[in-house]
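Visitor: Input: one structure, supplied below.
The values are calculated or read from the model by the stated rules, or taken from the named source; none is laboratory data. Bear in mind the structure is a predicted one, so any value in this text is a computation, not a measurement. Don't worry about glycine lacking a Cβ; one is built from the backbone with ideal geometry, like all the others, and counts go over all protein chains shown.
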Amino acid sequence: MDTARAKPKVKLTIDGREVEIEQGATVLEAARKAGIDIPTLCYHPAVGPSGACRVCIVEVEGARTLVASCVYPVAEGMVVRTNTAAVRAARKTVVELLIAGHPQDCLSCERNGKCELQALARNLGIRKVRYNISDKEHREPDTSSPSIVRNPDKCVLCGRCVTVCRDIQGVGALSFAYRGRRTLVTPSFEHGLGEAKCTSCGQCSAVCPVGAIVEKDDTGVVWDALDDPEKHVVVQVAPAVRAALGEEFGMPAGTPVTGKIAQALHMLGFDAVFDTQFAADLTIMEEGHEFIERLNRRGVLPLVTSCSPGWIRYCEQFHPEFLDHISTCKSPQQMMGAVIKSYYAKIKGIDPSKIFSVSIMPCTAKKYEAKRPEMRTSSAPSQDVDAVLTTRELARMIRAAGIDFANLEDGEFDSPLGISSGAGTIFGVTGGVMEAALRSVYEILTKKTLGDVRFEAVRGFDGVRHATIDIAGTQVRVAVVHGLGNAGRFLAGTEDSPDRYHFVEIMACPGGCICGGGQPISLDPAVRQLRASVLYREDERKPIRKSHENVEVRRLYDTFLGQPGSELAHRLLHTAYGPDAARLAREDRAHSAAFGRQPMSAAGV
Amino acid sequence: MAVMSATIGTAACKCSCGSNAGKLVDDRFPKLDAIIAKYKGKPGALIPVLHEAQQLFGCLSEDVQDRVASGLGISPSEVYGVSTFYSFFTLRPRGKWKIGVCLGTACYVRGAAEVVEALKKELDIPVNGTTKDGRFTLEVVRCLGACGLAPVMMIGDDVHGRVRPEQIPEILKEYR
Ligand code: SF4
Ligand code: SF4
Ligand code: SF4
Ligand code: FES
């Protein structure tokens, strides 16, 4: 640490304990540092304080009123009391008022047991609500988005979603409207989120303290498929899921649960358990090939990654002029979906229309992506991926099935689509796709073997990171961007011009998929680092750490696809963006209908 | 005080303000762009822009708000938040005559609800709606303090007491 630039410290007393902390810190931060827990509701470490809820009030000697500790700055010699009768009574009133206007619906609420309002009521010992707010206007839940559901009746107006969406994601789909008792968090003109400019990233659902924004629950259709003896139900699991699912079952953040997930999915009755990391390796083959082509033929550069559907949606809605830069590769989820209903169906001799393909994702935008009309490339009359469950929904299914997840023995992914390299593993963290691509692009272009496969410069959590790598004499400039707000600033070129780069990775969620909108909800600022380290450790332990060395990916090319970028690879693994995407898909299907055959049959699938 | 409706319709403006109807021919949009340009980049630009836009269009319809949002480079939801926060902004056009029917207890028990129904039928608009010709806006209001005259209806500043539903067409004639 650079101590010379460290901020001056101040000393204060909280509940009789002396605390030293940097100037500019808040009373709440000082208290937490001293191990004193002040209850909060609107404050979220990743979102920042807003002072909206007043749950965190404390007494400061000399201040005329109780102050909100999450926004109140420390000062030298300050004396703070967090647990006086006046503070306790005022806090209780605040929480009772929140509860009085809140639906009494806990038993059937998605957040039952994981709700911050419940926890507050429990911790403050609320047994009776002295107020009655019966004239709160009822609003119907907003189910217009394929990814998330908003239930305004449960909203406690903490503002976290508004701040995340506007300031961190740079989207601004949600705002406060009206005022006083009518105050409401809503998209413009009270449209549904499905009609608003919303990227489906789900970051709002990851920070909502209550059940007012939740992922769209698709567990029902998956249970139905599992119960249907006619269906061959296949599942794929994204890398980031194994870095976080344990948290849902009380395991400490940073516990890898890869083997337990495979085991649990087998126990739930899936006929085949595959690994999206296989498709990540496949993505690197296609995207690496595309990059080399664009580099050699002076195509549109920088090439920008396409794995993150929240980013794609953002680009389509806010920066359509940039769509040419995005790789035509489908995301790993959709590549896997297409491969399952073509290659896998073929080698197993299963009718693709009997396959029900499920994916477990850290991401709410993947739900939306799977429903895009162009994501239907097999001969089956269904989408390539039939249902997408978030990490949180998988946890719900595991609990419903009575599986003791934390104590499960390890299971295995199935062959052939369960085999993956360490490069596929790190796809789940910001910088991982770039690093995986560099490992393969470097070796393919230089025909040399990398001594150390790690590219430290693209790791870490700075909003924008860049590196220059000498590949066969070309100085390849790469950048890694995470969080849509950072992406917007990067594209606007205010600090740095995107044109300077050859290859750019962009992920919608801050931290990458490990902190996706569908991941277990956490208030711990350390989870990002802990989840990332799970993936980096798994990469280290993998015998194969480069995508182009994945034997099953090679077999897929040798026996089915031909070469990366082949005609069949294009048909199955590539896509288009913008308003044209759907049109192209429609034309493709119309063409097939006119000629009495499905799009795939021409390719012999 | 008028009670605003629970939901704001998303349908096109049905008034003469034409902010939805005449997109292509409406010369007020270039004027709006000029207003936006005048304030763009200044701190607190949104409120004066909305204010002038309302003077120009009569109301802040969705089209107008979207134009303001993209012009100022902020999100439509933020504009909506501000336009619903301040009571001097109106999202829907107001008619020349505001009809307010009291639904206080005294009026209610003396048949104010039937008066509202008769007005809805006669004007062919819902509560909080405005007639196509831009003449009337129908609202229900809390007690006007004229309970002795119940049921009470205001048209503009005129108080009409002991109103019976069948009198409605006759009363409205004066304002047509
Ligand atoms: S949001 Fe929390 S308090 Fe409200 S119903 Fe759901 S679990 Fe209960
Ligand atoms: S899903 Fe993302 S873009 Fe949509 S409202 Fe939530 S935070 Fe905003
Ligand atoms: S929806 Fe959730 S995050 Fe947003 S303001 Fe309401 S309670 Fe807070
Ligand atoms: S947590 Fe401090 S005001 Fe809400």
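Visitor: Look at A:VAL95 and say whether it is away from ligand 3 (no atom under 16 Å from the Cβ), outside any strand (DSSP E or B), away from chain B (no Cβ under 14 Å) and not polar (S, T, N, Q).
Guide: no
Rundown of residues vs (1) aliphatic (A, V, I, L, M); (2) in a strand (DSSP E or B); (3) at pLDDT below 90, yes/no style:
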position	(1), (2), (3)
B:CYS107	no, no, no
B:VAL116	yes, no, no
B:GLU122	no, no, no
B:ILE125	yes, no, no
B:GLY134	no, no, yes
B:GLY148	no, no, yes
B:PRO151	no, no, no
B:VAL163	yes, no, no
B:GLU166	no, no, no
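Visitor: Next up: Residue by residue through segment A:515-547, note down the ones that are under 13 Å from A:ALA240 (Cβ atoms) and of a type in the set (Val, Ile, Thr).
Guide: Residues satisfying the conditions are A:VAL527, A:VAL534.
Visitor: Output the number of residues of segment B:70-91 satisfying the condition of being under 20 Å from B:PHE29 (Cα atoms), at the interface with chain A (Cβ under 9 Å from one of its Cβ atoms) and not in a helix (DSSP H, G or I).
Guide: Final tally of qualifying residues: 3.
Visitor: When you go through (1) buried (at least 21 other Cβ atoms within 10 Å of the Cβ); (2) more than 14 Å from chain B (Cβ to nearest Cβ); (3) over 17 Å from the mean Cα position of the chain (by Cα); (4) not basic (Lys, Arg) one by one for A:GLY246, which number turns out not to apply?
Guide: (3) is the only condition that A:GLY246 fails.
Visitor: Just to be sure before I move on: is A:ARG181 at pLDDT 95 or above and within 14 Å of chain B (Cβ to nearest Cβ) in the structure I sent?
Guide: No; evaluated as a whole, the condition is false for this residue.
Visitor: Give A:ILE36, A:ILE21, A:ILE57, A:ILE14 a once-over and let me know the one that is of a type outside the set (D, E, K, R), more than 16 Å from ligand 1 (Cβ to nearest atom) and under 30 Å from A:GLY463 (Cα atoms).
Guide: Result: A:ILE21 is the single residue among A:ILE36, A:ILE21, A:ILE57, A:ILE14 that is of a type outside the set (D, E, K, R), more than 16 Å from ligand 1 (Cβ to nearest atom) and under 30 Å from A:GLY463 (Cα atoms).
Visitor: Sort through A:ILE521, A:ILE514 and tell me the only one that's within 16 Å of ligand 1 (Cβ to nearest atom), away from chain B (no Cβ under 14 Å) and out of contact with any Phe, Trp or Tyr (no Cβ under 9 Å at 6 or more places or on another chain).
Guide: On inspection, the qualifying residue turns out to be A:ILE521.
Visitor: Whether any residue in segment A:159-176 is more than 9 Å from ligand 2 (Cβ to nearest atom), outside any helix (DSSP H, G or I), modelled with pLDDT of 95 or more and more than 10 Å from chain B (Cβ to nearest Cβ) is what I want to check.
Guide: Yes, some residue in segment A:159-176 is more than 9 Å from ligand 2 (Cβ to nearest atom), outside any helix (DSSP H, G or I), modelled with pLDDT of 95 or more and more than 10 Å from chain B (Cβ to nearest Cβ).
Visitor: Something else now. Going by the conditions given, is A:ILE292 surrounded by fewer than 24 Cβ atoms within 10 Å (Cβ to Cβ) and among the β-branched types (Val, Ile, Thr)?
Guide: On the way: surrounded by fewer than 24 Cβ atoms within 10 Å (Cβ to Cβ): yes; among the β-branched types (Val, Ile, Thr): yes.
For A:ILE292, the condition - surrounded by fewer than 24 Cβ atoms within 10 Å (Cβ to Cβ) and among the β-branched types (Val, Ile, Thr) - is met.
Visitor: Next up: Using the structure shown, decide if B:ILE35 is more than 14 Å from chain A (Cβ to nearest Cβ), of a type in the set (Val, Ile, Thr) and either free of Cβ contacts under 8 Å to residues at least 24 places away in the same chain or closer than 18 Å to A:ARG166 by Cβ (or both).
Guide: yes
Visitor: Determine, yes or no, whether A:LYS197 is among the basic types (Lys, Arg) and within 10 Å of ligand 3 (Cβ to nearest atom).
Guide: no
Results for (1) in the same structural domain as A:ALA206 (by TED's automatic domain parsing); (2) within 15 Å of ligand 3 (Cβ to nearest atom); (3) not in a loop (DSSP other than H, G, I, E, B), shown as yes or no for each residue.
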site	(1), (2), (3)
A:ILE36	no, no, no
A:CYS53	no, yes, no
A:THR65	no, no, no
A:VAL71	no, no, no
A:ARG88	no, no, yes
A:HIS102	no, yes, no
A:ARG111	no, yes, no
A:LEU117	no, yes, yes
A:GLY125	no, no, no
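Visitor: Return the pair list, or none, for Cβ contacts closer than 6 Å from residues in segment A:193-205 that are at the interface with chain B (Cβ under 10 Å from one of its Cβ atoms) and touching a residue at least 60 places away in the same chain (Cβ under 8 Å) to residues that are more than 7 Å from ligand 2 (Cβ to nearest atom) and among the polar types (S, T, N, Q), at least 6 apart or on different chains.
Guide: Final answer for the pair search is A:LYS197/A:GLN317.
Visitor: Here are the criteria: (1) more than 8 Å from ligand 1 (Cβ to nearest atom); (2) closer than 25 Å to A:ARG396 by Cβ. Tell me which single one A:GLU116 does not satisfy.
Guide: Every listed condition holds for A:GLU116 apart from (1).
Visitor: Oh, and also: Can you tell me which of A:VAL241, A:VAL234, A:VAL210, A:VAL222 is β-branched (Val, Ile, Thr) and within 16 Å of ligand 2 (Cβ to nearest atom)?
Guide: Step by step, each of A:VAL241, A:VAL234, A:VAL210, A:VAL222 is checked, and only A:VAL210 is β-branched (Val, Ile, Thr) and within 16 Å of ligand 2 (Cβ to nearest atom).
Visitor: Next question, about the same structure. Considering every residue within segment A:40-62, establish whether at least one is of a type in the set (A, V, I, L, M, F, W, C), away from ligand 4 (no atom under 14 Å from the Cβ) and modelled with pLDDT of 95 or more.
Guide: No; the residues of segment A:40-62 include none that is of a type in the set (A, V, I, L, M, F, W, C), away from ligand 4 (no atom under 14 Å from the Cβ) and modelled with pLDDT of 95 or more.
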